[in-house]
Structure formats: structure tokens, C-alpha cells
Amino acid sequence: MSQENKAPVLLSLEGTNAQPLSVRAKALVFSDPISASLLEYIERIAPSEAPVLIGGETGTGKELVARHIHLLSGRRGPFLAVNCGAISDQLAESELFGHEAGSFTGAVGKREGWFEAANGGTLFLDEIGDLPLPLQVKLLRVLQEKEVVRIGSRKSIPVDVRLVVATNVDLDYAVSAGHFRRDLLYRINIAHVKLPPLRQRPGDILPLAEHFLKTYSQRMGYRQPQFSQDAVQLLLNYAWPGNIRELENVVHFALLVSSGDKIEPAHLKVTGGWNSGTIHQQEPQPVHQPLVNSGAQTYNLNNAGANVHPASFSNTDSHSNNGSGNGDDPMTAIAKQLRRLFTEQGNSDHFDKLESLIVHEAFAHVRSNQVHGAALLGISRNVMRTLLKRHGLLADTGFTPAEEQSTHNDELHSLNPGYTG
């Protein structure tokens, strides 16, 4: 059978694999030439023992790739998945490496960690960039020594674990910002799989849409309809900022509201793409009225799933109606407006207001994504969460105002030793 006539490989989380880490892509197909080439690469690196770093936007199918790597590796142990962004800093060490009875308050019995549980198999650490720095040091030691030491114990336990990690942020930039250890990045980045977003592999869109349509039709007991030609064009022209998970939701909804044997464009609830086809980008609205009037701005979200560097500000169109000067880069315009603010309003709580402005605008720009917001501002996710709590964008369930202020000062001091708060 020729390569052109082969059915595309489809990975899904149905049956025994139906327990993803969170609300992630539940199917992945390798139909587009880019995807087919990626599959060949995955099949080459899977049988080795080398750690694998999977990068890509949220919803592109990173966990499915990790499971497929394990399946092809021939390892007899289990595949275990851990979301590093979902475990607290206080419990992370115990979760990964285990603890002995009485090692800390609440440790009523001994417990093996994820590394011990995955012995002989594969451990998948999603959102690896969210691991706190102290835990990164211990993870590096486990990878180098191939043994773990439980909290409260001095005895090392040998482990044979293939590590696969994933991230939707730029770890090289996280290293430069001091949020990720360079030596750990070198250790986990021996084999790198870069999953392109769905908009860059359009040949996968229709096979995935047909898969989801068939799956939900069978699950709901419906007769499976067909996509009209106009609906097909809409599916292909839309940019899918939510990637595969968004496609699944759109198809599911279309099946609910359609009638008859055809799904039409009106049934496809797409909410605005990134300059694709006739679907125009929706500009994020500021959470509050800015203190400095910088005029109208249009945010280009073409690479919103990737890490955003501060340098990208220089590529943002900025026009000021208050003397910033056409052609000025944004930082120069901001500096001029700050001088005007200081001159016209004198002494005031400028710092708190400006900090609030930065946090609100950044959070609106990344559409309330904490990881992307932290990357945009060049701070850790913990510092980002503290700032969001301080300025009312995130509910604070565990801090008194005094404790929050102390934590905020401590974290800012860790980034800038000269900060006195």
C-alpha cells in the first residue's frame, strides 16, 4: 500500500486512556504532512531511554504524544501523568518523591511518590515550568542518580523511570528570567518534540472533526450528519486558538443544535480567530480605564500560545494623543507620559496605580492565563498569582492582607535584592 493511501494514525483518550490530566485534547491525528513527519520523528526517539521535552500550545495534544511515546518505548511499567501546575509547592516534594510516617504534620503513614509508582515505566510531568526552583534541584538529582529519597528518610530507593515532560512556555526564556534551572533544561531536553498548533497543520482539521462527530453521534445515539461544504470551509479557515480541544467543543455543540443530515456554518460556534479567513480577532478590552492615555491599540495574538518576550512590545503599534510623539517605541512613549504624570500630579500613590495598571492590562492581554501573564511580565507564576490577588483579579483564600503584603514583598525581593517594599 502506498504512503498516500494509508489511513492517518489517530491517537485518542477513549477506553483505557480516558483519564487525561485535565481538560486537554482527547484526540490527535497525523494526517497533515507536518504531522506525518512529526510522527516519524516520534517513532524514532520513542524506543530510547532519553528524556523527552514536548513543547506546544495548550490543547495541541502533548499528553497524547507522551502516551504514544510510552506505548512505543516497550517499557513494561505504567504510564503516570502529573500536572505540576496543579500541586501546591508545599506538597510537591511529597507527591513526587514520597514521605515516611511522621516526617511532617499530617504524614500519618508512609507513602511512595510518583517516581516510585512509575518504576519501570514512564512519568509524564506536564507544565514542568511551574515547578519551584528548590524542587527543580531535587528533580535534577533524581535524574542524575536514578534514585529517590523520601521526605523523612535517609535511605535512597533506586528507580528506573523514563521521564517525559511538557510545557506551553519558552523554557529558554524562563532560564534567562531566572525561573528555571539551565542544568535541568539541558537534562530534560535531550529529545525535543515541538507540537505545532492546529492552524499550522490544516490537514488534521477535517479528520479530527469527523472523528469527534462520529464519537459524539454514537455516544448520544444520533444519526451521524455530514458537514456541508460551507461548514468545511469555515473549519479550514478558522484559526483554532484553543486548538484540538476547541475543535472538539465546536463539533459537539454543532451536533446538539443541528437538525437533519447537514451541519451548516451557523451551527459551528466559533468565537473569533486570529486574523484567519472571515473570522476577525476580538481585541481584548481593558479591565479598567488606563491612567495613561496611549490611544487605540490592536493586539496581535497570532502567537498567543507561545511565550511572549518583553522585547515584543517594540513591535506593538502605539499612537499617543498626548505628546508621546508618533514613531516612538512604547517604552519611550511610556517614559514621556510618566514625566507628564509626575509633573502634573506631583506626589501620589503612583507606584500602586501603575502596578495595578500593568497587572490588569497584562492579564487582559493574555486573556486571564496566569502562565502566559507571568511569561509576558518576566516573573514567576507565584509572583503573578500574588499580584493578581493584590489587585483583585484572583480570589485570595489563604492570606490575610498583612500576610499577602509580606509574601508579595518577599517574592519581589527575590527578583530584585534592592527592593525594600
Residue count, segment 365-381 (criterion: out of contact with any His (no Cβ under 6 Å at 6 or more places or on another chain) and open to solvent by 20 Å² or more (accessible area, probe 1.4 Å)):
11
Pick out the one residue from D170, D130, D126 that is under 19 Å from the mean Cα position of the chain (by Cα) and under 30 Å from N237 (Cβ atoms).
D170
What are the residues in segment 148-167 that are surrounded by fewer than 18 Cβ atoms within 10 Å (Cβ to Cβ) and either aromatic (F, W, Y) or within 21 Å of S73 (Cβ to Cβ) (or both), if any?
P158, D160
Hey, can you tell me all the residues within segment 123-143 that are assigned to a helix (DSSP H, G or I), touching a residue at least 60 places away in the same chain (Cβ under 8 Å) and surrounded by fewer than 19 Cβ atoms within 10 Å (Cβ to Cβ)?
L143
Restricting the search to segment 194-222, which residues are surrounded by 15 or more Cβ atoms within 10 Å (Cβ to Cβ) and on the phi > 0 side of the Ramachandran plot?
none
When you check S103 against the structure, is it surrounded by fewer than 22 Cβ atoms within 10 Å (Cβ to Cβ), in contact with a Ser or Thr (Cβ under 8 Å, 6 or more places away or on another chain) and free of Cβ contacts under 8 Å to residues at least 60 places away in the same chain, yes or no?
yes
Identify the single condition in (1) surrounded by 16 or more Cβ atoms within 10 Å (Cβ to Cβ); (2) part of a helix (DSSP H, G or I) that D183 does not satisfy, given that it satisfies every other one.
(1)
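The values are calculated or read from the model by the stated rules, or taken from the named source; none is laboratory data. Computed from a predicted model, the values in this text were never measured in an experiment. Counting neighbours? That spans all protein chains shown, and the Cβs are built from the backbone with ideal geometry, glycine included. For the accessible areas, the whole protein counts, side chains as well, though only heavy atoms, and no ligand, DNA or RNA atoms are used. Shrake-Rupley method; radii C 1.70, N 1.55, O 1.52, S 1.80 Å.
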